[in-house]
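Peer 1: Attaching a single structure in structure tokens format; questions to follow.
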Amino acid sequence: MSKYPSFILLTAIAALTISCGKETIPEPIEELSEEEILAQVRTDVQNTAFYKDIFLDGGCELNPGIKESGVVINGRLPYALQKAGLTDAEYFLSTVDDVGDGFTTSDLKLQTEIISGTADDPNGVLLYPDGEPRFRLFFAFGGHSNPHGSTLGQSGRSRVRTFYEKGGCFVGSCAGAFLSGAYANGRGRNYFDIWKGGNMISTDVGNSSIDMLIESDIFSKYYGPSKGTLVKGIRHNGGGFMDTRRAPEGTEVIALFKDEAGRNSKNENYYDQPSVWAYKASAESGRLVVTGSHPEDAPSGDILDLTASMFRYAWDGAGIAKVKEVLVNGDLTPINPGIGDLQCHHFVLCPAEDVGSLRITVGWSGDYDLEVYLKRDSFAFPDADPDYSSTNSSGGNNTLVTGPLEKGLWYVTVRCATTVGAKEIVTDPATGKGRYFLYYGKKEVLKGIPYSIMAEWDYKR
């Protein structure tokens with residue numbers, strides 16, 4: 001009789017039979033579902049891939065520049081842009097200095113083409129082909145708010161709203177602040193409604209200046225002023241204050257109106273009412289920072305610092321990066337509408353076991369440069385220290401090949417390195433008034449470059 005129990009003998013015989021007579025079959029790999037993979041995607045990484053820093057709107061019924069000694073200097077941009085480092089800018093500035101003179105039909109035509117789109121750029125200057133923001137910031141000058149909204153039309157206002165909701169940031173002064181909401185003095189207007197349902201109330205202070213008390217310390221990490229600072233003499237011309245009764249949840253009060261120049265304003269409707277505020281609707285949206293006055297005119301001092309801080313605080317509120325698709329091993333994924341100029345598209349893949357090698361292939365038609373980046377556990381922006389990159393595309397193809405990779409979540413980024421040339425045009429050369437940018441070169445990128453992407457990997461078995 002054997003000294004080993006019978007079940008051990010049977011197990012040994014079975015194992016010998018499999019190893020000698022048949023190839024051992026490995027356990028099947030259990031891949032995660034798309035929902036399980038997307039649940040791992042980070043929601044705390046900000047989008048940093050834009051065509052340019054800022055677009056400034058000085059279009060129909062808005063000032064086409066800042067004021068100096070009470071006079072609009074057509075084409076003069078806010079000094080705070082330089083201080084805030086936002087020099088990569090484009091703009092549309094009308095030919096009419098005094099907003100009381102209305103607008104020209106040629107300005108209106110240009111504005112419609114720039115904001116709402118053309119055959120060459122059907123999504124308009126603010127948006128990429130997939131509706132994502134093309135600029136990081138949008139600034140609206142002062143002037144006449146409801147008339148400007150009317151000249152933009154429903155299409156133009158919708159473009160600005162989409163820009164904000166998809167992650168672009170908004171800064172506005174006076175009329176620009178009114179435009180951000182939905183109401184003025186309780187009445188609905190042709191506004192953007194990105195400060196959801198927001199209402200402003202007119203101060204009825206025109207062609208003067210006003211003081212503001214800084215109520216928040218949020219600007220201290222930028223250029224100031226710090227909490228408790230009284231900023232004196234900010235130009236004010238017909239602007240408004242925030243109606244706190246209708247402010248959407250999450251609105252931040254940054255400064256309060258105090259005295260108008262040369263008078264005690266304690267009995268006025270605007271006294272101690274919000275004069276600068278911020279709002280971020282969601283992680284996906286941008287941040288709005290607006291004021292009822294005109295600090296953008298100042299070349300120095302606390303007012304310049306205030307304006308520069310408004311720009312930087314808005315900048316830091318850009319929306320989060322988003323994943324377009326989950327890549328499945330061996331599946332070809334077409335992307336149309338395609339990618340825009342200097343835009344990044346993000347994907348994820350999640351091998352269930354360690355990988356011997358990974359191959360990512362991107363293909364398209366035409367003479368354009370599409371780059372590919374790969375990073376473990378976070379979005380693979382080119383400036384975010386990716387683990388792998390391939391920037392040498394050729395003949396409508398770019399392939400990234402890796403060595404062994406650990407299992408888990410990997411982020412893939414496709415970046416369109418091709419962009420347009422942009423030339424500043426003076427609308428009326430005879431007077432030097434009015435400005436916009438004319439695109440040239442590979443304008444097809446404005447419509448988007450369709451492409452396909454495929455990831456293939458082999459497990460280490």
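Peer 1: Keeping the other protein chains in place, figure out the carbon and sulfur percent of the accessible area of the stretch 223-323, with a 1.4 Å probe. Write out the running numbers ahead of the final one.
Peer 2: On the way: 1630 of 3720 Å².
For the stretch 223-323, the apolar C and S fraction of the accessible surface comes to 44 percent.
Peer 1: Suppose R0 equals 22 Å. What FRET efficiency, 1/(1 + (r/R0)^6) with r the Cβ-Cβ distance, do Ser226 and Gln82 give to the nearest 0.05?
Peer 2: Working: r = 22 Å, r/R0 = 1.00.
In this case the efficiency is close to 0.50.
Peer 1: Add -39500 (n - 2.57) for each DSSP H run of 4 or more in the chain, then divide by its residues: what number comes out at 222 nm, to the nearest 500 deg cm²/dmol?
Peer 2: Numbers: 7 runs with 80 residues, N = 461.
Mean residue ellipticity at 222 nm (helix-derived): -5500 deg cm²/dmol.
Peer 1: Would you mind checking which residues have amide H under 5 Å from Arg134's amide H? H placed 1.01 Å from N; only 5 or more apart, or other chain.
Peer 2: Under 5 Å from the amide H of Arg134 lie the amide H atoms of Leu127, Tyr128, each far enough along the sequence or on another chain.
Peer 1: Using only the alpha-carbon atoms of the stretch 354-461 as identical scatterers, what base-10 log of I(q)/I(0) does the Debye formula give at q = 0.17, 0.18 Å⁻¹?
Peer 2: Treating every Cα as an identical point scatterer, log10 I(q)/I(0) equals -0.83, -0.89.
Peer 1: For the stretch 446-461, take each phi angle, set θ = phi - 60°, evaluate the Karplus expression 6.51 cos²θ - 1.76 cosθ + 1.60, and give the result in whole Hz per residue in order, putting x for glycine and proline.
Peer 2: Running phi through 6.51 cos²θ - 1.76 cosθ + 1.60 with θ = phi - 60° gives 5, 7, x, 9, x, 8, 10, 9, 9, 10, 10, 9, 10, 6, 7, 9 Hz.
Peer 1: Once phi is turned into ³J(HN,Hα) by the Karplus curve 6.51 cos²θ - 1.76 cosθ + 1.60 with θ = phi - 60°, what whole-Hz value does each residue of the stretch 276-290 show in order, with x for glycine and proline?
Peer 2: Whole-Hz 3J(HN,Hα) from phi for the stretch 276-290: 9, 8, 9, 7, 10, 5, 6, 5, 6, 7, x, 10, 9, 9, 9.
Peer 1: To continue, here is another question. Mind grabbing the base-10 log of I(q)/I(0) for the stretch 135-201 at q = 0.15, 0.19, 0.23 Å⁻¹? Debye formula, identical points on the C-alpha positions, no solvent, two decimal places.
Peer 2: Per q value, in the given order, log10 I(q)/I(0) is -0.38, -0.63, -0.94.
Peer 1: I would also like to ask the following. Please report, in cubic angstrom per residue, the volume enclosed by the convex hull of the alpha-carbon atoms of the stretch 315-364. Intermediate results must be reported in sequence, preceding the final value.
Peer 2: Details: hull volume 6.8 nm³, N = 50.
Convex hull of Cα atoms, per residue: 137 Å³.
Peer 1: Any chance you could run the full-extension gain for Asp101 through Thr391? It's 0.36 nm times the residue separation minus the Cα-Cα distance, nm to one decimal.
Peer 2: The span from Asp101 to Thr391 would gain 99.2 nm if fully extended.
Peer 1: Right, something else. Calculated FRET efficiency, Thr244 and Ala384, Cβ-Cβ r, R0 51 Å, to nearest 0.05? Walk me through the intermediate numbers first.
Peer 2: Working: r = 40 Å, r/R0 = 0.78.
That gives a FRET efficiency of 0.80.
Peer 1: Just to compare against my own numbers: the Cα pair-distance distribution for the chain, 20 Å bins, whole % per bin, please.
Peer 2: Distribution as computed: 23, 45, 22, 6, 4, 0 percent.
Peer 1: May I pose another question? Apply the Kirkwood formula to the stretch 240-359: the hydrodynamic radius equals the inverse of the mean of 1/r over all pairs of different alpha-carbon atoms; give it in Å with one decimal. Can you show the working numbers first?
Peer 2: Values: mean 1/r = 0.0531 Å⁻¹.
The answer is 18.8 Å.
Peer 1: Rounded to whole Hz and in sequence order, give me ³J(HN,Hα) for the stretch 427-444 from the Karplus expression 6.51 cos²θ - 1.76 cosθ + 1.60, θ = phi - 60°, writing x for Gly and Pro.
Peer 2: With coefficients 6.51, -1.76 and 1.60, one gets 4, 10, x, 5, 9, x, 9, x, 8, 7, 10, 10, 8, 8, x, 7, 5, 4 Hz.
Peer 1: Still on this model: Arrange the peptides 200-211, 137-148 so that the one whose residues have, on average, the most other Cβ atoms within 10 Å appears first. Before the final figure, lay out each step's value.
Peer 2: Numbers: 200-211: 18.6, 137-148: 26.1.
For the peptides 200-211, 137-148, the packing ranking is 137-148, 200-211.
Peer 1: Further question: With only alpha-carbon atoms in the gyration tensor, what are the semi-axes of the equivalent ellipsoid for the stretch 40-167, in Å, largest first?
Peer 2: Values: eigenvalues 139, 72, 27 Å².
With the √(5λ) rule applied to the stretch 40-167, the semi-axes are 26, 19, 12 Å.
Peer 1: Leaving out ligands, DNA and RNA, and with a 1.4 Å probe, what % of the accessible surface on the stretch 15-117 is carbon or sulfur? The partial results should precede the final answer.
Peer 2: Values: 2860 of 5450 Å².
Here carbon and sulfur together make up 53 percent of the probe-accessible area.
Peer 1: Counting only heavy atoms of the protein chains, get the accessible area per residue of the chain (1.4 Å probe) and round it to a whole Å² value. Let's see the in-between values first.
Peer 2: Numbers: 19810 Å² over 461 residues.
In whole numbers, the chain has 43 Å² accessible per residue.
Peer 1: Say each of Thr431 and Glu353 gets a label point 7 Å from the Cα, pointing the same way as Cα to Cβ; how far apart are those two points in nm?
Peer 2: Rounded to a tenth, the inter-label distance reads 7.5 nm.
Peer 1: Determine the gain in length on full extension of the stretch Asn207-Ser33; use 0.36 nm per residue of separation and subtract their C-alpha separation, reporting nm with one decimal. Each step should come with its number before you reach the end.
Peer 2: Values: separation 174, 0.36 × 174 = 62.64 nm, distance 6.21 nm.
The span from Asn207 to Ser33 would gain 56.4 nm if fully extended.
Peer 1: So which DSSP H runs in the chain come out at 18 Å plus along the axis (Cα) with average Kyte-Doolittle of at least 1.6? Before the final figure, lay out the partial values.
Peer 2: Numbers: long enough: 6-21 (22 Å, 2.01); 145-165 (23 Å, -1.20); 301-315 (21 Å, 0.32).
Qualifying helices, which must be both long enough and hydrophobic enough, are 6-21.
Peer 1: Further question on the same structure: Per the Kirkwood formula on distinct C-alpha pairs, the Rh of the stretch 111-164 is how many angstrom? The partial results should precede the final answer.
Peer 2: Numbers: mean 1/r = 0.0876 Å⁻¹.
Here the Kirkwood hydrodynamic radius works out to 11.4 Å.
Peer 1: Please report, in Å, the Rg and the Dmax of the stretch 348-417, where both are computed over Cα atoms only.
Peer 2: Radius of gyration, then largest Cα-Cα span, for the stretch 348-417: 12.2, 37 Å.
Peer 1: If you don't mind, there's one more thing I want to ask. Provide the descending list of Cα extents for the stretch 65-126 along its principal axes, expressed in whole angstroms.
Peer 2: Principal axes ranked by extent give 40, 33, 11 Å for the Cα atoms.
Peer 1: By average Cβ neighbour count within 10 Å, what is the ranking of 256-263, 54-61, 126-133 from highest down?
Peer 2: On the way: 256-263: 17.0, 54-61: 27.0, 126-133: 22.0.
Highest-to-lowest ranking by the protection proxy: 54-61, 126-133, 256-263.
Peer 1: Whose amide H sits under 5 Å from the amide H of Asp369, counting only residues 5 or more places off or on another chain, with H placed in the peptide plane?
Peer 2: Amide H to amide H, under 5 Å and 5 or more residues apart or across chains, Asp369 pairs with Ala417, Thr418.
The values are calculated or read from the model by the stated rules, or taken from the named source; none is laboratory data. All of these numbers come straight from a predicted model, not from anything done at the bench. Every residue, glycine as well, gets a Cβ built from its backbone with ideal geometry; the counts of neighbours run over all protein chains shown. Just the protein is used for accessible areas: all its heavy atoms, side chains included, with ligands, DNA and RNA removed. Shrake-Rupley method; radii C 1.70, N 1.55, O 1.52, S 1.80 Å.
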